[in-house]
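Asks: Got a structure for you, questions after.
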Amino acid sequence: MSSISPIATKGFAARIEEMGCDYLDAPVSAGEVGAKAASLTILVGGRSDVFERAKPLFEKMGKNITLIGDGGNCQVAKVPNQIVVALNTQAVSEVLRFSSKASADPATVRKSLWAALPRRAFWTFTANR
C-alpha cells in the first residue's frame, strides 16, 4: 500500500506469481486524514479473483476502491494523481504568495478559497498546511 515505481511493481508481481503466490499492489490517496477516517481511495492492481478476496480488508480502510488492472497498472494510474496534487499545491502556494505581495491577507484569501472551492480531499488535506 505504497506509491512506488510501476516498473518495480510489475517486476515484484511477476516474481511473486512465479512462486505460486498471489500479489496485489494498492497505492492510496487521501493521506493521513483519509487513513484516520477509513476513507482512503485505494487503487488496486492484480488479478480480479485475488482482488475480490482482499476487497473486504480494503473496505475497512477506504471508501473508493478500484481495481485498475494487472499488478503495477495502479501505480501507473497513481502517477497522474500525484502530478495533480503537486500542481495544486504549487497553485495554492502561488496564490497565497501573490496575495501577500499584493497586500491581501493570505489567511483571508485562503478562507475565501475554502468557501468557494469544492471541498475535495485535496483541499481538505492542503488547507491546514
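The values are calculated or read from the model by the stated rules, or taken from the named source; none is laboratory data. As the structure is a prediction and not an experimental result, all values here were calculated from the model. Neighbour counts are summed over all protein chains in view; Cβ atoms, including those assigned to glycine, are modelled from backbone coordinates with ideal geometry.
Asks: If residue 84 passes every condition in (1) closer than 30 Å to residue 17 by Cβ; (2) in contact (Cβ under 8 Å) with a residue 24 or more places away in the chain but one, which one does it miss?
Replies: (1)
Asks: Continuing with this model, one more query. Being of a type in the set (A, V, I, L, M, F, W, C), at pLDDT 95 or above and part of a helix (DSSP H, G or I) narrows it down to one of 113, 96, 87, 57, so name that one.
Replies: Working: 113 fails: at pLDDT 95 or above; 96 fails: at pLDDT 95 or above; 87 fails: at pLDDT 95 or above.
Going through 113, 96, 87, 57 in turn, the sole match is 57.
Asks: Let me ask something additional. With the condition kept exactly as written, say whether any residue in the stretch 22-35 is surrounded by fewer than 18 Cβ atoms within 10 Å (Cβ to Cβ), polar (S, T, N, Q) and on the phi < 0 side of the Ramachandran plot.
Replies: In the first step, residues of the stretch 22-35 are kept if they are surrounded by fewer than 18 Cβ atoms within 10 Å (Cβ to Cβ); the result is 22, 31-33, 35.
Retained after the next criterion (residues that are polar (S, T, N, Q)): none.
No, the stretch 22-35 contains no residue that is surrounded by fewer than 18 Cβ atoms within 10 Å (Cβ to Cβ), polar (S, T, N, Q) and on the phi < 0 side of the Ramachandran plot.
Asks: Of all residues in the stretch 16-54, how many are among the acidic types (Asp, Glu) and in a loop (DSSP other than H, G, I, E, B)?
Replies: From the stretch 16-54, those among the acidic types (Asp, Glu) are 17-18, 22, 25, 32, 49, 52; that's our starting set.
Cutting the leftovers down to in a loop (DSSP other than H, G, I, E, B) gives us 22.
Qualifying residue count for the region: 1.
Asks: Another question about this same structure. On the basis of being assigned to a helix (DSSP H, G or I), of a type outside the set (S, T, N, Q) and surrounded by 15 or more Cβ atoms within 10 Å (Cβ to Cβ), does residue 11 make the cut? Walk me through how you get there before you give the answer.
Replies: Details: assigned to a helix (DSSP H, G or I): yes; of a type outside the set (S, T, N, Q): yes; surrounded by 15 or more Cβ atoms within 10 Å (Cβ to Cβ): no.
Criteria not met by residue 11.
Asks: Tell me which residues, restricted to the stretch 67-78, are surrounded by fewer than 21 Cβ atoms within 10 Å (Cβ to Cβ) and either within 12 Å of the chain's Cα centre (by Cα) or closer than 9 Å to residue 6 by Cα (or both).
Replies: Matches in the stretch 67-78: 73, 76, 77.
Asks: A follow-up question, please. Is it true that residue 62 is under 21 Å from residue 47 (Cα atoms), surrounded by 14 or more Cβ atoms within 10 Å (Cβ to Cβ) and in contact with a helix residue (DSSP H, G or I) (Cβ under 7 Å, 6 or more places away or on another chain)? Before the answer, list the steps.
Replies: Numbers: under 21 Å from residue 47 (Cα atoms): yes; surrounded by 14 or more Cβ atoms within 10 Å (Cβ to Cβ): yes; in contact with a helix residue (DSSP H, G or I) (Cβ under 7 Å, 6 or more places away or on another chain): no.
When the stated conditions are applied, residue 62 does not pass them.
Asks: From (1) within 19 Å of residue 40 (Cα to Cα); (2) outside the structural domain of residue 34 (by TED's automatic domain parsing), pick out the condition that doesn't hold for residue 97.
Replies: If we test residue 97 against (1) within 19 Å of residue 40 (Cα to Cα); (2) outside the structural domain of residue 34 (by TED's automatic domain parsing), just (1) comes out false.
Asks: Considering each residue of the stretch 5-54, count those that are out of contact with any strand residue (DSSP E or B) (no Cβ under 8 Å at 6 or more places or on another chain) and β-branched (Val, Ile, Thr), and give that number.
Replies: Filtering the stretch 5-54 down to residues out of contact with any strand residue (DSSP E or B) (no Cβ under 8 Å at 6 or more places or on another chain) leaves 5-8, 10-11, 14-23, 31-33, 36-37, 47, 49-50, 52-53.
Right, trim to β-branched (Val, Ile, Thr) and you get 7, 16, 33, 50.
So the count comes out to 4.
Asks: Please list, ordered by first then second residue, the pairs with beta carbon atoms under 6 Å, 6 or more apart or interchain, first in the stretch 28-39 and β-branched (Val, Ile, Thr), second surrounded by 20 or more Cβ atoms within 10 Å (Cβ to Cβ).
Replies: 28/40; 28/42
Asks: Further question on the same structure: Looking only at the stretch 80-108, which residues are under 20 Å from residue 39 (Cα atoms), surrounded by fewer than 16 Cβ atoms within 10 Å (Cβ to Cβ) and of a type in the set (A, V, I, L, M)?
Replies: Hit for the stretch 80-108 is 84, nothing else.
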